[in-house]
Each structure stands twice: as C-alpha cells, then as structure tokens.
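A quick write-up on the structure given underneath.
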Amino acid sequence: MATRIIREEGDEILKKKSRPVETIDDKIKELVQDMIETMHKYNGVGLAAVQVGILKRIVVIDLYEDGGVPYILINPEIIKEKGEQTVDEGCLSFPNKFAKVIRPKEVTVTALDINGKKFKLTGTDLLAQAIEHEVDHLNGEVFIDKIIPGTLEVVTEEGKNN
Ligand code: NI
C-alpha cells in the first residue's frame, strides 16, 4: 500500500468524467487500498479515484465511526434522493476552502463491492452528503461550483506569511 498524490484545484482532470470499472483486478484492488490510505492520511471523509489522477468510477468513504470500516463503491449509481439538508462542506482537492451546500438528506446508491458483488446502500445526513459529493467527482463536478453564494471560507495556514 502507498499513499498517492492528491490532485488539487486548477488541475483539469478534476473536471473530467470517470469511466466505469470493467474488471476488478489486482491493479484496481491496489488502487482502492491506496485511496483508503490516502483518505486516512489527510483525515478525509471521502475520496474519488479522479482525485488521485485515475479516471475510474471508484469512491471510498469513511465516517470514522466506532468499529466502522470504509465504504468502497465501485461504479456507484444514485437511484434515489430524498429531502434536503444544508451542510458545511470541504474537499481534499480544495484543502483551504469550505462552504455551505445543499444536499439531499437521504441517498440510495447501488454499487459493486471489492469482490464485484452488487449491493445497495442508503445513507442519511453525513453519509448522504459524502455519497453525493464523491459521485459528483466521478461526473467531473466539484463542490465549489455548487456552493451557496456568500458562504465560502478560505482558511489560511498558520505560520504562513502569504
Ligand atoms: Ni471532494
């Protein structure tokens, strides 16, 4: 396993649409493990493969709940959205930016697991938000383009003069 470099704001790859995974081979499994390791390194709640420069429809999510394991979603498809929530959001590709966005309160998604088995997952609140945010990445969409106007906060790192 290894961590990978996260593509950041300004990198054109973030605007590209990812392609479905056709075969979950050893290379894909290694990518998934690297994505989980990279997400954990930066304390992210989710990461899409495009964020490490791979245009494949793979998402990992970890809510850091007690005893929880990361969600792995390969070729995810949102099949149902319900309700609405206004939430604070950030993204590992926009490390200094935070803003409010409107997301569905509940989301149901189908996807393949690491063994290629199809499953269905319904998430509410933070999980719904994370699924929406990460599936957006697979479609070349980033949160900064859908924020509620006037809510953007740019955080500058401590100890830096500029
Ligand atoms: Ni993101």
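The values are calculated or read from the model by the stated rules, or taken from the named source; none is laboratory data. The shown structure was predicted, so the numbers you read here are calculated from the model rather than taken from an experiment. Note that we place each Cβ from the backbone using ideal geometry, even for glycine, and neighbour counts take in every protein chain shown. All accessible areas refer to the heavy atoms of the entire protein, side chains included, with ligands and DNA or RNA removed. Shrake-Rupley method; radii C 1.70, N 1.55, O 1.52, S 1.80 Å.
Looking at (1) over 24 Å from K117 (Cα atoms); (2) within 16 Å of the ligand (Cβ to nearest atom), which is the one condition that is false for V59?
(1)
Show me the strands (runs of 3 or more DSSP E) found entirely inside the stretch 48-157 where at least 1 residues are of a type outside the set (D, E) and open to solvent by 10 Å² or more (accessible area, probe 1.4 Å).
71-82, 85-91, 94-103, 106-112, 118-124
Need the failing condition index for A2 against (1) part of a loop (DSSP other than H, G, I, E, B); (2) at pLDDT 95 or above, just the number.
For A2, the failing item is (2).
Look through E141, E81, E134 and report the one residue that is farther than 23 Å from R4 by Cα and either within 15 Å of the ligand (Cβ to nearest atom) or not small (G, A, S) (or both).
The unique qualifying residue is E81.
Considering only the stretch 5-47, how many residues are in a loop (DSSP other than H, G, I, E, B) and among the charged types (D, E, K, R)?
Counting residues in the stretch 5-47 that are in a loop (DSSP other than H, G, I, E, B) and among the charged types (D, E, K, R) gives 8.
Condition first: over 10 Å from the mean Cα position of the chain (by Cα) and among the aliphatic types (A, V, I, L, M). Now tell me which residues in the stretch 108-141 satisfy that.
If the condition is that a residue be over 10 Å from the mean Cα position of the chain (by Cα) and among the aliphatic types (A, V, I, L, M), then V109, A111, L112, I114, L121, L126, L127, A128 are the ones that fit.
Could you tell me how many of the residues in the stretch 1-47 are small (G, A, S), within 20 Å of V142 (Cα to Cα) and open to solvent by 20 Å² or more (accessible area, probe 1.4 Å)?
Qualifying residue count for the region: 1.
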